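The values are calculated or read from the model by the stated rules, or taken from the named source; none is laboratory data. Everything numeric here is computed off the predicted structure, so don't read it as measured data. Positions of Cβ are backbone-derived with ideal geometry, glycine not excepted, and every protein chain shown enters the neighbour counts.
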Amino acid sequence: MTTMSAGTNWEQQRSFDELGQPLHDTTFCVVDLETTGGSAQAGSMITEIGAVKVRGGEVLGEFQTLVNPRTEIPAFIAVLTGISNSMVADAPPIESALPAFLDFASGSVLVAHNAPFDVGFLKHFTEQQERAWPGFDVVDTAVLARRIITREDAPNCKLSSLARHFRSTTTPNHRALSDARATVDVLHGLMERVGALGVDTLEELQTFSSRVSSAQRRKRHLADGLPHAPGVYLFKDSAGRVLYVGTSKDVRRRVRSYFTASETRSRMGEMVRLASEVEAITCATPLEAEVRELRLIGEHKPHYNRRSKFPEKVTFIKLTREPWPRLSLVKRVRDDGADYLGPFSSRASAEQSLTALHETFPVRQCKDSLGISPKRTPCALAEMGKCLSPCDGGIDQRTYAAMVRQLRQTLLRTPDQVVDAINARMTTLAADERFEEAGTQRDRMASFVRAAARTQRLSALTGCPEVIAARHEDDGSWAVHVIRYGRLSATGVIPRGADAHDFVAGLRLIAESVPTPSDTPGPVPSASAAETERILRWLESPGVRLVDVKGTWTCPVDGAGRAVNGLVRAADFTDS
């Protein structure tokens, strides 16, 4: 695969979110509410809003207002908060108080202790007033504290306990502004704790977990120097062996997460303990990164990758080319003129499809070769009527060939004959209340139809000598990909102001040469099925435009893709 530099500086164009929002530059709005009860949906009302806006440890402003709930405040709430009916009688209603608060909080990250309560009330009344909720990022100090604070630090994670632990200058007293001020001190205390562990962005703070070990955090320096760009990253041990391969739109940010925040899978913790370096391969586009990831996993077969390690371990159903053709399971597509269905990711799935075909088409199932005029004793399948028995001369070659043509049509074009036959068997079995057997038939049909649809989709692309397609990305650039016989051959991003036609012509010239495959259906050796499927998903995604197509890229109108939609109906039928 060739990558053409687009003259586009991804480092400059990446979004704020992709980089990670530094905590010291983040404006937080710490909010607390007092209410008449525990649920806005149940009719409880807000009686007070208090908020403190802070950034970099500095208080930027405060907001406080009582709110007239237009209902009696329960006596126990009045005792708890000190807010009485007479105090809120002249206060503004929520229709005035809420817009004022939202204006104060605009552009900040909301912070609350037990955020679902406070944010839930705010969202409820925003919706009630038919306003658009601003979509704040939210930090819950209660959740964060439960991930950080131990019983040795504080007996529990209540605001009062945390305020004492962090020596807050304000004592929580169930008044909104006082509790918000105390929450500010708790937030700063928690941020200081996790900052010592290398957490310095909002995203890391929101996903922080104490399950990430100290050993993992000490290796955060491995992410230093990695690019803020789309690409592939490879964790390696001290001997240079690849432990794990991954991909991301922002390599540095993703790799950092293994050491500081959200990566809590135990096997990944083990992998990080073994890692001594991380190599990054910058890619022009996310699709290039996905394809490179697949190829690198297939090449290195890293121990800690679970998927795509063995692209060669697939199974195909082969319809042989010989005097008396038969179906067989094989491991690869050969240049032998035969027809293939697949690939299947498991042999069990291939065997289900093979059974569905054998139950519909009585081709011979013996594994040896037969001459043009065989003279053998018929097998048990022939006696059961499941084989046309060419071995004993029970059928002429012309009749057998006609049946094989129908089988080939089913493999390559329309699966209707198999679907109709299995549906008829399922109907009979269901009528006899043999639902388990009907379910087995359904599974066989599903396996075959999905494999046929996959083969047709892949073959349509792998048969094209060249497809060039482009998509307008979110940052305003155009990502261009050259695909040859289903393999990604070149990728690039058109520089701003450049001539698109000249860029595409240049990309085509430097694209990887792909040998012309043999004329067989199914994925060809030019690429793995997984790679071609990734490319197909990109080609079928919104906004993609075809620049040029050499060859014919089509799928049959009456093909297997149409039958896939009927699988859900079949499942409902047999499960009823």
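Below are the figures for this structure:
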{"read-out": "Top-ranked residue of segment 107-122 - restricted to ones that are assigned to a loop (DSSP other than H, G, I, E, B) and of a type in the set (Gly, Ala, Ser), ranked as surrounded by the most Cβ atoms within 10 Å (Cβ to Cβ)", "value": "SER108"}
{"read-out": "Within segment 336-386, tally of residues that are among the acidic types (Asp, Glu), farther than 15 Å from ILE317 by Cα and in a loop (DSSP other than H, G, I, E, B)", "value": "1"}
{"read-out": "Test: residue in segment 146-161 that is within 31 Å of the chain's Cα centre (by Cα) and not hydrophobic (A, V, I, L, M, F, W, C)", "value": "yes"}
{"read-out": "Residue match in segment 475-484 (condition: in a strand (DSSP E or B), of a type in the set (D, E, K, R) and surrounded by 18 or more Cβ atoms within 10 Å (Cβ to Cβ))", "value": "yes"}
{"read-out": "Options SER345, SER373; residue that is exposed (fewer than 14 other Cβ atoms within 10 Å of the Cβ) and of a type in the set (S, T, N, Q)", "value": "SER373"}
{"read-out": "Some residue of segment 362-375 being farther than 18 Å from PRO323 by Cα and touching a helix residue (DSSP H, G or I) at 6+ places or on another chain (Cβ under 7 Å)", "value": "no"}
{"read-out": "Failed item in (1) surrounded by fewer than 21 Cβ atoms within 10 Å (Cβ to Cβ); (2) over 16 Å from ARG545 (Cβ atoms); (3) at pLDDT 85 or above, with ARG457 passing the rest", "value": "(3)"}
{"read-out": "Filter pass, ILE317 being more than 24 Å from the chain's Cα centre (by Cα), within 28 Å of GLY393 (Cβ to Cβ) and at pLDDT below 85", "value": "no"}
{"read-out": "Residue check, PHE136 touching a helix residue (DSSP H, G or I) at 6+ places or on another chain (Cβ under 9 Å), part of a loop (DSSP other than H, G, I, E, B) and surrounded by 14 or more Cβ atoms within 10 Å (Cβ to Cβ)", "value": "yes"}
{"read-out": "Test: residue in segment 313-321 that is more than 18 Å from VAL363 (Cβ to Cβ) and in contact (Cβ under 8 Å) with a residue 60 or more places away in the chain", "value": "yes"}
{"read-out": "Per-region count, segment 62-76, residues closer than 30 Å to THR201 by Cα and either outside any strand (DSSP E or B) or charged (D, E, K, R) (or both)", "value": "1"}
{"read-out": "Tally of residues being surrounded by 17 or more Cβ atoms within 10 Å (Cβ to Cβ) and either small (Gly, Ala, Ser) or part of a loop (DSSP other than H, G, I, E, B) (or both) across segment 310-329", "value": "5"}
{"read-out": "Hits in segment 385-426 (condition: surrounded by 13 or more Cβ atoms within 10 Å (Cβ to Cβ) and hydroxyl-bearing (Ser, Thr, Tyr))", "value": "SER389, TYR400, THR410, THR414"}
{"read-out": "Lone qualifier among GLU433, GLU512 - being of a type in the set (Asp, Glu), under 22 Å from GLU533 (Cβ atoms) and surrounded by fewer than 18 Cβ atoms within 10 Å (Cβ to Cβ)", "value": "GLU512"}
{"read-out": "Hey, LYS367 closer than 30 Å to ARG457 by Cα, in the same structural domain as GLN417 (by TED's automatic domain parsing) and basic (Lys, Arg) or not", "value": "yes"}
{"read-out": "Qualifying residue in segment 434-452 (condition: closer than 28 Å to VAL314 by Cα, small (Gly, Ala, Ser) and in contact with a Cys (Cβ under 8 Å, 6 or more places away or on another chain))", "value": "no"}
{"read-out": "Yes/no for ALA511 being closer than 21 Å to CYS283 by Cα and of a type in the set (Gly, Ala, Ser)", "value": "yes"}
{"read-out": "Meets criteria (out of contact with any Phe, Trp or Tyr (no Cβ under 7 Å at 6 or more places or on another chain) and buried (at least 17 other Cβ atoms within 10 Å of the Cβ)) for VAL333", "value": "no"}
{"read-out": "Selected residue [more than 23 Å from PRO134 (Cβ to Cβ) and under 40 Å from the mean Cα position of the chain (by Cα)] from ALA112, ALA42", "value": "ALA42"}
{"read-out": "Residue satisfying all of: in segment 80-91; assigned to a loop (DSSP other than H, G, I, E, B) and of a type outside the set (Gly, Ala, Ser); surrounded by the most Cβ atoms within 10 Å (Cβ to Cβ) among these", "value": "ILE83"}
{"read-out": "From the options ARG252, ARG181, residue that is outside the structural domain of LEU80 (by TED's automatic domain parsing) and surrounded by 21 or more Cβ atoms within 10 Å (Cβ to Cβ)", "value": "ARG252"}
{"read-out": "Residue match in segment 97-107 (condition: within 30 Å of LEU23 (Cβ to Cβ), modelled with pLDDT under 95, hydrophobic (A, V, I, L, M, F, W, C) and assigned by TED's automatic domain parsing to the domain that holds ALA51)", "value": "no"}
{"read-out": "Residue match in segment 146-156 (condition: outside any helix (DSSP H, G or I), β-branched (Val, Ile, Thr) and more than 30 Å from THR207 (Cβ to Cβ))", "value": "no"}
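Listed here are the residues, each with its yes/no results for (1) outside any helix (DSSP H, G or I); (2) touching a residue at least 40 places away in the same chain (Cβ under 8 Å); (3) acidic (Asp, Glu); (4) on the phi < 0 side of the Ramachandran plot.
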{"residue": "VAL52", "(1), (2), (3), (4)": "yes, yes, no, yes"}
{"residue": "LEU60", "(1), (2), (3), (4)": "yes, no, no, yes"}
{"residue": "ALA78", "(1), (2), (3), (4)": "no, no, no, yes"}
{"residue": "PHE101", "(1), (2), (3), (4)": "no, yes, no, yes"}
{"residue": "HIS124", "(1), (2), (3), (4)": "no, yes, no, yes"}
